[in-house]
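Q: One structure coming up, written as structure tokens, with questions to follow.
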Amino acid sequence: MKDTYQNEFQKEKKMLSLLFTICMIWFVGKFFIFGLKASWGIMKLLCTVIFFPVILIGMVVGGLMYIAFPLLLIGGIIALVTSRS
């Protein structure tokens with residue numbers, strides 16, 4: 001009698017452990033995806049606000065105006081086309 005209760009308890013313990021493991025994998029996966037989305041958004045912001053203008057200014061200072069100006073025009077056209085106003 002005691003042995004059957006112990007077996008049932010072990011089965012329930014294994015099922016709960018499996019359920020906990022599945023939920024933890026789901027939870028960690030959700031946070032991982034959230035982290036990727038957040039870092040992608042932050043990287044896009046950094047590239048458009050900081051890196052792209054700094055690169056263009058560096059190109060102008062370095063004498064590469066003939067490359068920097070078309071890049072600036074292309075960026076401006078893309079910004080105008082994709083703006084939602």
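Q: Restricting to the range 1-30, what's the tally of residues that are among the aliphatic types (A, V, I, L, M) and at pLDDT below 85?
A: The number of residues fulfilling the criteria is 1.
Q: Follow-up question, since we're still on this one. If you check residue 36 against the conditions, is it assigned to a helix (DSSP H, G or I) and touching a helix residue (DSSP H, G or I) at 6+ places or on another chain (Cβ under 7 Å)?
A: Considered against the rule, which asks whether it is assigned to a helix (DSSP H, G or I) and touching a helix residue (DSSP H, G or I) at 6+ places or on another chain (Cβ under 7 Å), residue 36 comes out as no.
Q: I've got another one for you. From 51, 34, grab the single residue that is within 19 Å of the chain's Cα centre (by Cα) and at pLDDT 90 or above.
A: The unique qualifying residue is 34.
Q: Among the residues that make up the range 30-49, is at least one of them out of contact with any Phe, Trp or Tyr (no Cβ under 9 Å at 6 or more places or on another chain), surrounded by 10 or more Cβ atoms within 10 Å (Cβ to Cβ), over 30 Å from residue 78 (Cα atoms) and small (Gly, Ala, Ser)?
A: No, because not a single residue in the range 30-49 is out of contact with any Phe, Trp or Tyr (no Cβ under 9 Å at 6 or more places or on another chain), surrounded by 10 or more Cβ atoms within 10 Å (Cβ to Cβ), over 30 Å from residue 78 (Cα atoms) and small (Gly, Ala, Ser).
Q: Which one is modelled with the lowest pLDDT, of the residues in the range 65-85 that are of a type in the set (Val, Ile, Thr) and either exposed (fewer than 10 other Cβ atoms within 10 Å of the Cβ) or over 18 Å from residue 51 (Cβ atoms) (or both)?
A: Here the residue is 82.
The values are calculated or read from the model by the stated rules, or taken from the named source; none is laboratory data. In this text the structure is predicted, and so the values were computed from the model without any measurement. Neighbour counts are summed over all protein chains in view; Cβ atoms, including those assigned to glycine, are modelled from backbone coordinates with ideal geometry.
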